[in-house]
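Read-outs throughout are calculated quantities, based only on the coordinates presented, and are distinct from any laboratory measurement. Quick caveat, the model's predicted, so the values are computed rather than measured. Because the Cβ atoms are built from the backbone with ideal geometry, glycine has one as well, and the counts that use them run over all protein chains shown.
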Amino acid sequence: MKTRGFEVCKGFEDKDIHLPERKTKYSAGYDIEAAEDVVVPSFRKGDNPTLIPTGIKAYMMDDEVLYLYNRSSNPKKKGLVLANSVGVIDKDYYGNPDNDGHIMFAFYNIKEEDITIKKGEAIGQGVFSKYLISDDDSASGERTGGFGSTD
């Protein structure tokens, strides 16, 4: 039985995708790489964030979530900040019909020049965590898609 982990998404099987790894024994986060070269343009008012594909998806237990965090060096060195501060990957995002649960990082670039992210470059971290629900929780909906599908 699988408990939690990462897999390569459909459409990326032949793209030499590296599954996330922890680099040290006591690291909480799994380092996640870009699946392709992406240019993140310098921020202009009204711009949408740039989505950086990873080519991976994550599976987990029913009471777990995968949090996506920026690399601590990204804001200073590259000017990259996560548009949503922390990404939240729910269990039912895995394998969804819209995008197979493909994890992407949404970045803004606060530097004056465009920044190029290279394939295989570490762009963020994923941290698995347990979560709690309230006594009166009555959630019964089911995910039917990818980004923004639960409103």
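With a simple spin-label model that places each label point 7 Å from the Cα along the Cα-to-Cβ direction, the separation between residue 98 and residue 121 comes to 2.7 nm. Counting 0.36 nm for each residue step from residue 14 to residue 113 and taking away their Cα separation leaves a gain of 32.4 nm.
Summing charges over neighbours of residue 15, with a neighbour being any other residue whose Cβ is under 13 Å away from its Cβ, gives -4 when K and R count +1 and D and E count -1.
Placing a label point 7 Å from the Cα of residue 47 along the Cα-to-Cβ line, the residues of region 106-133 whose backbone N sits under 13 Å from it are 107-117. Identify which of the listed values of P(r) over Cα pairs in 5 Å bins from 0, in percent was calculated from the structure shown: (i) 2, 9, 17, 21, 20, 15, 9, 5, 2, 0; (ii) 2, 9, 18, 22, 15, 11, 9, 6, 4, 2, 1, 0, 0; (iii) 1, 9, 14, 15, 12, 9, 7, 5, 5, 4, 3, 3, 3, 3, 2, 2, 1, 1, 0, 0. Read-out taken from this structure: (i). Note on residue 85 and residue 39: with the Förster distance fixed at 22 Å, the Cβ-Cβ geometry gives a FRET efficiency of about 0.45. Contact order for region 5-130, expressed relative to its length and based on alpha carbon pairs under 8 Å spaced 6+ residues apart, stands at 38 percent. Legend: distances between Cα atoms for 23/119; 25/78; 25/130; 57/130; 23/111; 57/78; pairs beyond 22 Å are 25/78; 23/111; 57/78. The modelled label-to-label distance between residue 63 and residue 21, using points 7 Å beyond Cα along the C-beta direction, is 3.2 nm.
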